[in-house]
Amino acid sequence: MGAELRARKEKGVGGIPIRLRKGLNKILLYSLVFIFVIAVVAPFLWMTISSISPQVELTTKPPHWFPETPTLIRFAALIFGSDTGKSMPVATERFVSALLNSIVVSITTTILCIAAGVSAAYALARLPVPGERHFLIGMLGAQMLPRIVIIIPLFFQMKAINLIDTRIGLIIIYSGFMLPTVIWIMHSYFQTIPMDLEEAAMIDGCSRFSALIRIILPLSGPGIVAVAAFTFLSSWNEFFISLIMTTSQAKTITVIITEFATQFGVDYGLMATGGVIGSIPPILLAFSLQRYIVKGLTSGAVKG
């Protein structure tokens, strides 16, 4: 009887042995992960190859993965100017300026959102704010509104106060769009921190602000890092608003890359090169803060 029961357990459901079924499940899982990784990495890999491939090799059929004569002339054209002896789009001369615009706008937006968002989230999580629930739901509802719906009135508002084609204008708009997300995430994160810690600190003589600075913020480090990285990446990758709100001086890297065209057509090699350069800061940020980002988002996901 025991041998028969053991044989049934080994066969599992449908007559398939349990070990074989587990092995098939692992193979299926690893195959799906592999396909997903290829789908994510392959475009970036092809973009990198296109950035170092001569124009002649980019137009060959069938295309090949590894260029026979790799060149860095496009990187030199974008970073040091178009003085390379070849006809380059006018946008290459403004690429470094656009890169600087993206850096300044993204960093400033991140600092403002962290300062304002953390303060608002702490107030909503700890202080008796009237209508707290309605305020949070209202912010969530505002986030659901498509940006294309409000872009026209937003454009006229920014034009009325002379902030079109300025870094300050982009910072204000980006901060307005990112603040609700920062407040939501940090509000959930603050609720996971016991209030007893603050009460103990205030009993020892700390004010509420001092308790926030000395106790809560150090404990909220992973959450703050997560929302800071999310805000920076969202600001850096933003295209639609920058396209509408800038004309020449304040264009960001996502917009300037689309202007790599001459009278002879679009230079896809330069676009790929600009994409590689523009993707370096987000990739470095994501890899360096990966542990804190995952910990911060998962810790604030469940109220403990």
key: Ratio Rg/Rh [Cα only; Rh per Kirkwood] for the chain   = 1.11
inquiry  = How would region 133-255 be classified by its alpha-carbon gyration tensor: rounded, prolate or oblate, with rounded meaning a/c under 1.5 and the a/b versus b/c comparison settling the rest?
reply    = prolate
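Of the accessible area of the chain, with the probe set at 1.4 angstrom, what percent is carbon plus sulfur?
Result for the chain: 70 percent of the exposed heavy-atom area is carbon or sulfur.
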task = Taking 7 Å along the Cα-to-C-beta vector as the label spot, tell me the Thr60-Val104 distance in nanometres, rounded to one decimal.
result = 4.3
ask   = What is the Cα centroid distance between region 28-57 and region 189-242, reported in whole angstrom?
value = 37
ask   = For the residue pair Val41 and Val96, what label-to-label distance in nm results when each label sits 7 Å from Cα along the Cα-to-beta-carbon direction?
value = 3.4
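If a helix is a whole DSSP H run, which ones in the chain reach 18 Å or further along their own axis (Cα) and hold a mean Kyte-Doolittle hydropathy of at least 1.0?
Numbers: long enough: 18-51 (49 Å, 1.42); 95-126 (45 Å, 1.65); 147-160 (19 Å, 1.56); 167-191 (35 Å, 1.15); 221-237 (24 Å, 1.09); 268-288 (30 Å, 1.38).
The qualifying helices are 18-51, 95-126, 147-160, 167-191, 221-237, 268-288.
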key: Gain on full stretching of the segment that runs from Leu29 to Gln290 - 0.36 nm per residue minus C-alpha separation   = 91.7 nm
request  = Treat each spin label as a single point 7 Å out from the Cα along the C-beta direction, and report the Phe80 to Cys206 distance in nm.
outcome  = 5.4
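The values are calculated or read from the model by the stated rules, or taken from the named source; none is laboratory data. Quick caveat, the model's predicted, so the values are computed rather than measured. A quick note on method: Cβ atoms are made from the backbone with ideal geometry, for glycine too, and the neighbour counts reach across all protein chains shown. Accessible surface is based on the protein model in full, side chains and every heavy atom, while ligands, DNA and RNA are left aside. Shrake-Rupley method; radii C 1.70, N 1.55, O 1.52, S 1.80 Å.
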